[in-house]
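Asker: Quick one: the structure is below, questions incoming.
The values are calculated or read from the model by the stated rules, or taken from the named source; none is laboratory data. What you see is a predicted model, and the numbers here were worked out from it, not measured in a lab. Glycine also receives a Cβ, built like all others from the backbone with ideal geometry; neighbour counts cover every protein chain displayed. Just so you know, the surface numbers come from the protein's heavy atoms only, side chains and all, with ligands and any DNA or RNA stripped out. Shrake-Rupley method; radii C 1.70, N 1.55, O 1.52, S 1.80 Å.
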Amino acid sequence: MAVVDYQAPQSIEDAIGILQKTDIKSKVMAGGTDLIIQTKSQTADPVRVVDLKHIDGMMSYTLDDGGMSLGPAMSCAEFTTLDDVKAVYPGLSESAYLIGSTQVQGRASIGGNLCNASPAADTIPALIANGAQCVIEGNNGERVVAVEDFVTGVAQNCMASDELLKRISMPRPAPGTSDAYLRFIPRTEMDIAVAGAGVSVTLDSSGKCTAARVAIGAVAVTALLVREAAEALIGTAVDEQALDAAAAAASAAAKPITDRRGTAEYRTHVVGVLVKRAAKIAAERARGVK
Amino acid sequence: MSEAKKFNFIGQRTIRPDGHDKVTGKANYAADLSLPGMIWGKILRSPHAHAKILKLDTSRAEAMSGVMSVATFDDLPSVSNEAIQSGEGAIDSLDLGRNVLARDKVLYHGHAIAAIAAKTVAIAEKALELIDVEYEVLTPVLDLHAAMKADAPLLHEDMFTQGYPEQPEKPSNIAARHELKMGDVEAGFAEADVIVERDFVTPTVHQGYIEPHACTVSYNTEGQSMVWCSTQGHFDVRASTAKLLAMPLGNLKVIASEIGGGFGGKTTVYLEPIALILSRKSGRPVKMMMDRDEVFRASGPASAARLTVKVGGKKDGTITAMQTSIAYEAGAFKGSPAMIGGMTAFTPYNCPNVYCETFDVVVNKPKVAAYRAPGAPQAEFGAEMAVSELAEKLGIDPVDLRLQNAAKEGTQTVYGPKLKAVGLVECLEAAKNSPHYKTELKEGEGRGIASGFWFNIGGQSSVTINMNPDGTGTIVEGSPDIGGSRASMQMMASEELGIPLNDLKPIIGDTESIPYNQSTGGSRTTFATGMAVIEAAQDVVHQLKERAASLWNVTPDQVEWRDGSAINTAGEGQMTCAEICAKCEKTGGQISGTGNVNARGAGPSFAVHVCDTKVDMETGKVDVIRYTAIQDAGKAIHPSYVEGQFQGGAAQGIGWALNEEYVYNDDGVMENAGFLDYRIPLASDLPMIDTIIVEVPNNFHPYGVRGVGESGIIPPLAAVGYSVGDAIGANVSELPCSPPRVLKLIQEKG
Ligand SMILES: Cc1cc2nc3c(=O)[nH]c(=O)nc-3n(C[C@H](O)[C@H](O)[C@H](O)COP(=O)(O)OP(=O)(O)OC[C@H]3O[C@@H](n4cnc5c(N)ncnc54)[C@H](O)[C@@H]3O)c2cc1C
């Protein structure tokens, strides 16, 4: 790609107007940590970059009794300092904290991570575990799609070329709910997930699991919501036996490939380990947030 | 000798003279030079790992507007099979030429075929697409097993295995076979109560220097041509490039830029000859830079290896016999350090019965280059793993077993000489007494110990110290500084001259400012170039004394040199270096001292490392939790940079042991040609690497110095490998100990 034009619209309407132009291809940009690297690829197709960061609401958030509404272009660096968010969605905050490095997080956004739709994207399983919804705006108005349905393939999402992601919304978790996200990399940082797992659990006052969501990443073309794994936890005290069953369900749901980052066999195994460990952490946290 | 000598500067932790420019971004590296009228060179690389070039037509590219010149193998004046000195060994100039630009065959994915120079990078890249190449794709030979099979596809139809009494009848991918032996291993094994025999495998790894190869060159038909590049040895770049282009040495000036890491990998040429051809044909200066992908695919990694090791010992701890068969991948052209593997494998041991058989094998991968102690880490990995296992089976502490059998002064080596004074015993004792070794392991942790031996080299170095009229001086050396050596040169010169460090500025002269210097490699710089510095400084002192004598009208032997001043012992009077230099005009002109040495007696440096790991039993991930590197420096000129060498070697060795490896697909295409997926350790992956400097003086150096740059990369492979095996309760035989491989070992053990 060759960037030949840069636009920084002030409103969603203006942005969509620009996206509708057909002279050359337009690419939406949040932090640009994926996009700028992609523009350096070999092909010389001209592109216009449409920067979303000047649009009201793109970089801010609200959190109230109804849940969170997140501007998709807010930097992970800012997002991970939000203590109120961390208290309610600690796993999501952790997933954003894992992206790249301090420097990368200064630019990288959760919306960009989601729209870029890498199978290994770290925030996507955490978003799915929290039941997050994508609020999409386009020429024909607004529509809302669950995150697990938003991503449709490797680097593919369900938006048309003149649509964009306006908000990410998440319900306020029921009392006794918490979440966790873990990924596996062979090093400590600056690596891409070999497997990832986001888990949210709700415990009642007796410590019994009444609701759960389990999502796994980097083990299929898209992040997967694994209902069987959640069912293995629901109705239990999230004990070792339940954790093992959830792990087995996650491994069974995984459809990984073998590549330079890990073998299919290894990923299948490790995603189960991550689900088990993330569920354990989420449950411990849930016990603390009565 | 060093113990007797009291030093003023040596042994201090001074501020390095190149540090300020480097941290403020002022230092100029390979890609930092641009010249008026300069154009850009780009390389067309092979999309196949093994193929015949049936047709190579550059005419469409040449016709493109903005293209200034094109280079192919045919532009190299008939190169012959003569050996040229390059880096840490002699290399065949025909092979070098064919590696720089493929002739009739491409031998690895990424092999350079042709190059284009154009007014912009974009034009050059576009023009590469217009080069027409027809290939006959051949089956790639991708590992030692495949390459050594009797019916393996051949890389070179004319290559017959060297090293047998008679030339074999059929050509082979085995370039050479060597044997090293002493004593009688059969008898030795017959005496043993316990024998350990195992196979080991190590992967292809890259040095991982952060600065990619780059150069800016200017060819001058009438006068002198110039190459500016990042190299460990600009005199060797001159020799190789001049040879390939059939130029007299004096017609080519090579300037060494600052260097962003080399570790042995920058001891040969890739871009320089191509850039000079492109410059010659266009009449313009040419700049070329590799990107990281090209560095991985086309510069020299270290050999992948397979070895079988057998060691035997008696119940009382005597090692009775040691034997190995070693095969190393050379990449596309012969010349792996397999024999060095045989020479180093068992040298830490005083064992009378040793046998090593080594094979140098070509495969369809990039031609290997030197990497820190080239050839030693792979072989010593197998040897040290086997010795540690022997200790365990004999029920003897692994340090004690090594102490009992340690090589020392007088020990016969398998490669010929007897060892002079060495510090292995002292390193082992330091290991044993270290806080680390005394720390008890917790449940789930493992420990590995390993020794490492490296010869070190001396060789030719030349230094001039030019004194200025104000009494300051410039140390002109010819050894590119890759590890802080300028600081050590400055300290050694100050020590002799007795003047402040900052009065002496060390610089790296280009190939015409100073006579020939061997490259910075073989851990030779502080030792050999240091000797030349000392000699040059003593020459300056001698002249300063003469000048003072003439001013005082006494004989030079009546003048003493003390703390930077001449003292008149025949009468009254004292003159500082600055005062004498200020009067040079009256006493015969300016002063410069020279030291041209061919240093003998490089003392080997032994290292001993202790590594503790903890393994996540569910994922196979290894965490290094404690690490101590102990090594003999002879005399540490600058302790911080000695420690830096220990730590750097350890970090690279840990990377080799844990996660680094070239991943190839079945077509011979490397799949992880970038730092995201070629996983070198990050700072956060490693604990503090504790260091202990052992000083057993090398009597062949005036201060007792031994080189320390290489031995430190040898022990980590087995120290980490054995530690992982200890933690999981299984035998590690293959590196790297990446999570999937370790998990498999855990699962197999059940
Ligand atoms: C060194 C490095 C390390 C990294 N490490 C990680 C890691 O550990 N884990 C990980 O998951 N990722 C990692 N990444 C990838 C990247 O940083 C993340 O995916 C990041 O979250 C992307 O956010 P961004 O704001 O920079 O996206 P951008 O690059 O701006 O956009 C990404 C894509 O999404 C589209 N897009 C962005 N916002 C919108 C919107 N509102 N509506 C419609 N389309 C939109 C863009 O058009 C583009 O296609 C790394 C990247 C780098 C360079």
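Asker: Which members of segment B:710-750 meet the condition of being open to solvent by 20 Å² or more (accessible area, probe 1.4 Å) and more than 14 Å from every other protein chain (Cβ to nearest Cβ)?
Answerer: If the condition is that a residue be open to solvent by 20 Å² or more (accessible area, probe 1.4 Å) and more than 14 Å from every other protein chain (Cβ to nearest Cβ), then B:TYR722, B:ASP726, B:GLY729, B:ALA730, B:ASN731, B:SER733, B:GLU734, B:LYS749, B:GLY750 are the ones that fit.
Asker: Moving to a separate point now. Please give the number of the condition A:LYS208 fails out of (1) surrounded by fewer than 24 Cβ atoms within 10 Å (Cβ to Cβ); (2) within 14 Å of another protein chain (Cβ to nearest Cβ); (3) touching a Ser or Thr at 6+ places or on another chain (Cβ under 8 Å).
Answerer: The one condition A:LYS208 does not meet is (2).
Asker: Report yes if B:ASN466 is open to solvent by 40 Å² or more (accessible area, probe 1.4 Å), in a strand (DSSP E or B) and either under 30 Å from B:PRO352 (Cβ atoms) or not assigned by TED's automatic domain parsing to the domain that holds B:THR691 (or both), otherwise no.
Answerer: Values: open to solvent by 40 Å² or more (accessible area, probe 1.4 Å): yes; in a strand (DSSP E or B): yes; either under 30 Å from B:PRO352 (Cβ atoms) or not assigned by TED's automatic domain parsing to the domain that holds B:THR691 (or both): yes.
Yes; evaluated as a whole, the condition is true for this residue.
Asker: Of all residues in segment B:221-244, which are touching a helix residue (DSSP H, G or I) at 6+ places or on another chain (Cβ under 9 Å) and either open to solvent by 10 Å² or more (accessible area, probe 1.4 Å) or free of Cβ contacts under 8 Å to residues at least 24 places away in the same chain (or both)?
Answerer: B:THR221, B:GLY223, B:GLN224, B:TRP228, B:ARG238, B:ALA239, B:ALA242, B:LYS243
Asker: Does at least one position in segment A:38-47 carry a residue that is free of Cβ contacts under 8 Å to residues at least 60 places away in the same chain, of a type in the set (Gly, Ala, Ser) and either within 14 Å of chain B (Cβ to nearest Cβ) or away from the ligand (no atom under 14 Å from the Cβ) (or both)?
Answerer: Of all residues in segment A:38-47, those free of Cβ contacts under 8 Å to residues at least 60 places away in the same chain come to A:38-47.
Filter again for of a type in the set (Gly, Ala, Ser), leaving A:41, A:44.
The next check asks that each one be either within 14 Å of chain B (Cβ to nearest Cβ) or away from the ligand (no atom under 14 Å from the Cβ) (or both); those that pass are A:41, A:44.
So far as segment A:38-47 goes, yes, one or more of its residues are free of Cβ contacts under 8 Å to residues at least 60 places away in the same chain, of a type in the set (Gly, Ala, Ser) and either within 14 Å of chain B (Cβ to nearest Cβ) or away from the ligand (no atom under 14 Å from the Cβ) (or both).
Asker: Which residue pairs have Cβ atoms under 6 Å apart, sit 6 or more places apart or on different chains, and have a first residue in segment A:146-171 that is within 15 Å of A:ALA15 (Cα to Cα) and a second that is away from the ligand (no atom under 13 Å from the Cβ) and open to solvent by less than 40 Å² (accessible area, probe 1.4 Å)?
Answerer: If the second residue must be away from the ligand (no atom under 13 Å from the Cβ) and open to solvent by less than 40 Å² (accessible area, probe 1.4 Å), the pairs left are A:ARG167/A:SER69.
Asker: Within segment B:434-455, work out how many residues are open to solvent by 10 Å² or more (accessible area, probe 1.4 Å) and not acidic (Asp, Glu).
Answerer: Filtering segment B:434-455 for residues open to solvent by 10 Å² or more (accessible area, probe 1.4 Å) gives B:435-445, B:447, B:454-455.
If we keep only those that are not acidic (Asp, Glu) too, we end up with B:435-439, B:441-442, B:444, B:447, B:454-455.
Qualifying residue count for the region: 11.
For (1) of a type outside the set (A, V, I, L, M); (2) touching a Ser or Thr at 6+ places or on another chain (Cβ under 6 Å); (3) assigned by TED's automatic domain parsing to the domain that holds B:LEU403, each residue gets a yes or a no:
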position: B:THR344; (1), (2), (3): yes, no, yes
position: B:ASN350; (1), (2), (3): yes, yes, yes
position: B:GLU357; (1), (2), (3): yes, yes, yes
position: B:VAL361; (1), (2), (3): no, no, yes
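Asker: Which one is nearest to the other protein chains (Cβ to nearest Cβ), of the residues in segment B:621-636 that are open to solvent by 10 Å² or more (accessible area, probe 1.4 Å) and in a loop (DSSP other than H, G, I, E, B)?
Answerer: Only one residue fits best here, namely B:LYS621.
Asker: Of all residues in segment B:132-168, how many are more than 27 Å from B:THR308 (Cα to Cα) and surrounded by fewer than 18 Cβ atoms within 10 Å (Cβ to Cβ)?
Answerer: 7
Asker: Can you give me the ranges of the strands (runs of 3 or more DSSP E) entirely in segment B:85-176 with at least 3 residues that are of a type in the set (A, V, I, L, M, F, W, C)? Working first, answer last.
Answerer: On the way: elements: B:89-92, B:112-118, B:132-137.
Here the list reads B:112-118.
Asker: Starting from segment A:177-189, take each residue that is in contact (Cβ under 8 Å) with a residue 60 or more places away in the chain and more than 7 Å from chain B (Cβ to nearest Cβ) and list its partners that are among the β-branched types (Val, Ile, Thr) and part of a loop (DSSP other than H, G, I, E, B), counting only C-beta distances under 8 angstrom and pairs at least six apart or across chains.
Answerer: Close Cβ pairs (under 8 Å, with a partner that is among the β-branched types (Val, Ile, Thr) and part of a loop (DSSP other than H, G, I, E, B)) amount to A:THR177/A:VAL289; A:SER178/A:VAL289; A:ARG183/A:VAL194.
Yes/no matrix, rows are residues, columns are (1) over 21 Å from B:THR526 (Cβ atoms); (2) more than 9 Å from chain A (Cβ to nearest Cβ):
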position	(1), (2)
B:GLY644	no, yes
B:GLY649	no, yes
B:ASN672	yes, no
B:ARG679	yes, no
B:ASP685	yes, no
B:MET688	yes, yes
B:THR691	no, yes
B:ASN698	no, yes
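Asker: Another question, if that's okay. I'd like to verify a number: residues in segment A:187-201 that are in contact with a helix residue (DSSP H, G or I) (Cβ under 9 Å, 6 or more places away or on another chain) and surrounded by fewer than 22 Cβ atoms within 10 Å (Cβ to Cβ), how many?
Answerer: Looking only at that region, the number is 4.
Okay, residues lined up against (1) of a type in the set (D, E, K, R); (2) within 8 Å of the ligand (Cβ to nearest atom); (3) in the same structural domain as A:GLY66 (by TED's automatic domain parsing); (4) in contact with a helix residue (DSSP H, G or I) (Cβ under 6 Å, 6 or more places away or on another chain):
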| position | (1), (2), (3), (4) |
| --- | --- |
| A:GLU94 | yes, no, yes, no |
| A:TYR97 | no, no, yes, no |
| A:ARG107 | yes, yes, yes, no |
| A:ASN116 | no, yes, yes, no |
| A:ALA120 | no, yes, yes, no |
| A:ALA132 | no, no, yes, yes |
| A:GLU148 | yes, no, yes, yes |
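Asker: Does at least one position in segment B:373-394 carry a residue that is over 19 Å from B:GLY312 (Cβ atoms), in contact with a Gly (Cβ under 9 Å, 6 or more places away or on another chain) and open to solvent by 10 Å² or more (accessible area, probe 1.4 Å)?
Answerer: Within segment B:373-394 (the criterion being over 19 Å from B:GLY312 (Cβ atoms), in contact with a Gly (Cβ under 9 Å, 6 or more places away or on another chain) and open to solvent by 10 Å² or more (accessible area, probe 1.4 Å)), the answer is yes, since at least one residue qualifies.
Asker: If you check A:LEU164 against the conditions, is it more than 10 Å from every other protein chain (Cβ to nearest Cβ), within 16 Å of the ligand (Cβ to nearest atom) and open to solvent by 10 Å² or more (accessible area, probe 1.4 Å)? Reasoning before the result, please.
Answerer: On the way: more than 10 Å from every other protein chain (Cβ to nearest Cβ): yes; within 16 Å of the ligand (Cβ to nearest atom): yes; open to solvent by 10 Å² or more (accessible area, probe 1.4 Å): no.
No.
Asker: Right, here's the next one. Could you please tell me which pairs satisfy a Cβ distance under 6 Å, a separation of 6+ or placement on different chains, a first residue in segment B:567-583 that is closer than 13 Å to B:ASN553 by Cα, and a second residue that is in a loop (DSSP other than H, G, I, E, B)?
Answerer: B:ALA570/B:VAL554
Asker: Give, as residue ranges, the helices (runs of 4 or more DSSP H) completely inside segment A:219-290 that count at least 3 residues that are within 11 Å of chain B (Cβ to nearest Cβ) and closer than 22 Å to B:GLY620 by Cα.
Answerer: Numbers: elements: A:227-233, A:240-253, A:264-288.
Per the criteria, A:264-288.
Asker: With respect to the numbered conditions (1) part of a strand (DSSP E or B); (2) within 11 Å of the ligand (Cβ to nearest atom), which one is the sole condition not fulfilled by A:ALA180?
Answerer: A:ALA180 satisfies all of (1) part of a strand (DSSP E or B); (2) within 11 Å of the ligand (Cβ to nearest atom) except (2).
Asker: So, one more: Just to be sure I understand, how many residues within segment B:717-742 are touching a residue at least 40 places away in the same chain (Cβ under 8 Å) and on the phi > 0 side of the Ramachandran plot? Even if it seems obvious, please write down each step before you answer.
Answerer: Initially, segment B:717-742 is screened for residues touching a residue at least 40 places away in the same chain (Cβ under 8 Å), giving B:717-728, B:731-742.
If we keep only those that are on the phi > 0 side of the Ramachandran plot as well, we get none.
Count: 0.
Asker: Hey, another quick one. Take the conditions open to solvent by 20 Å² or more (accessible area, probe 1.4 Å), away from the ligand (no atom under 16 Å from the Cβ) and either over 14 Å from B:ILE654 (Cα atoms) or in the same structural domain as B:MET489 (by TED's automatic domain parsing) (or both) and apply them to B:ASN698. Does it pass?
Answerer: On the way: open to solvent by 20 Å² or more (accessible area, probe 1.4 Å): no; away from the ligand (no atom under 16 Å from the Cβ): yes; either over 14 Å from B:ILE654 (Cα atoms) or in the same structural domain as B:MET489 (by TED's automatic domain parsing) (or both): yes.
Judged against the criteria, B:ASN698 is not a match.
Asker: Given the conditions (1) farther than 22 Å from B:ALA305 by Cβ; (2) open to solvent by 40 Å² or more (accessible area, probe 1.4 Å); (3) acidic (Asp, Glu), report the number of the one that B:ASP75 does not fulfil.
Answerer: For B:ASP75, the failing item is (2).
Asker: Let me ask something else about it. Enumerate the pairs (first residue in segment B:147-175 and farther than 22 Å from B:LYS365 by Cβ and not assigned by TED's automatic domain parsing to the domain that holds B:HIS50; second residue anywhere and assigned to a loop (DSSP other than H, G, I, E, B) and open to solvent by less than 70 Å² (accessible area, probe 1.4 Å)) with beta-carbon separation below 7 Å, excluding pairs fewer than 6 apart on the same chain, so at least 6 apart or on different chains.
Answerer: Filtered contacts from segment B:147-175: B:GLN167/B:PHE160; B:PRO168/B:PHE160; B:PRO168/B:THR161.
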